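The values are calculated or read from the model by the stated rules, or taken from the named source; none is laboratory data. This structure is a prediction, so every number in the text was calculated from the model and none was measured. All Cβ positions, even for glycine, are placed from backbone atoms using ideal geometry, and neighbour counts span all protein chains on display.
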């Protein structure tokens, strides 16, 4: 890794830290308690180049790589996982799907708006009855005699399902559980038949909006189709390879945030006439936390470097996502323990890291699905 890359990464980290302290930290508790989705914040992040980090400059983005992208997500999530999650979902899923598989006209039309934060994107794969079983999805797209597509069905647990300006939606265009039976489409918010269902009331990540998207005789032209008919699920797997790196980064940021708070508290809090960090029971917890975070960091940046090099990252991104997400849960749990009773209150930051961390083991493929992906790769 060159000195230039390291310096660029450090500049991005410091810039995002400064932005987070100014725009995010003062609002964390209010946003969390009110489940307020701060959409104006994401326009500001867009102005700073954070909403189109992987998008080339020709389409209005910053044209950076996954290493820089991971760094930005980590620093946002170190302060508030909700913001890191929304930024990652916008970049890795919706925007990246169009970047990877859109026509030149689609890229010219949508990427500049998404990359600058003028528009917010959503990505719809998960359904109420088909979570990990995406090949059996029930949302359908049927082509009519006018070469339009009619969408019917529902998507749930969708980040920005209510406030997004457009969504990339994967719908079934063939028989259930058959090869190449799904196709991806770009659906703009004002399209008749596209509406919002329930907004989820969540344990954590409460400032990141999660909602249903509903489609009832939603008619879209064939020009909104992404790639070939039947390629939707294959495209989604490729998008998720990169998306899992972003969730690993999200997990890493949450783990850092919980660890930072626990380390500072352990050095300040005194019992029996000395800081509790002096006691082996606490110092060993901190040692384990630091070691696991470092391992998660190495796995995450390895996946990012392979992605930037254009190499396959299916196994590595799944490993990074699996280990980093489970690390975030363990570290947040130990952070609450180090804080003791105070860790269980909202006056201290670790209870929120504890609540936020759990989603990382579920979203964009559960830990069990990651193990399935990894095992298939190593048994090939």
* Select, from 339, 323, 353, the only residue that is in contact with a helix residue (DSSP H, G or I) (Cβ under 8 Å, 6 or more places away or on another chain), closer than 20 Å to residue 92 by Cβ and part of a helix (DSSP H, G or I). => 323
* Considering only residues that are surrounded by fewer than 17 Cβ atoms within 10 Å (Cβ to Cβ) and in contact with a helix residue (DSSP H, G or I) (Cβ under 7 Å, 6 or more places away or on another chain), look in the range 131-147 and name the one that is nearest to residue 361 (Cα to Cα). => 132
* Structure fact -> All conditions in (1) over 24 Å from residue 358 (Cα atoms); (2) over 23 Å from the mean Cα position of the chain (by Cα); (3) free of Cβ contacts under 8 Å to residues at least 12 places away in the same chain are true of residue 276 except (3)
* Evaluate the following for residue 376: is it under 23 Å from residue 125 (Cα atoms) and modelled with pLDDT of 95 or more? => yes
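For residue 149, indicate whether it is under 16 Å from the mean Cα position of the chain (by Cα) and either in a strand (DSSP E or B) or not assigned by TED's automatic domain parsing to the domain that holds residue 40 (or both).
Against the criterion (under 16 Å from the mean Cα position of the chain (by Cα) and either in a strand (DSSP E or B) or not assigned by TED's automatic domain parsing to the domain that holds residue 40 (or both)), residue 149 does not qualify.
Yes/no matrix, rows are residues, columns are (1) buried (at least 20 other Cβ atoms within 10 Å of the Cβ); (2) part of a strand (DSSP E or B):
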residue	(1), (2)
202	no, no
206	yes, no
215	yes, yes
258	yes, no
263	no, no
* Structure fact -> Per the list (1) crowded, with 23+ Cβ neighbours inside 10 Å; (2) in a helix (DSSP H, G or I), residue check on residue 50 breaks on (2)
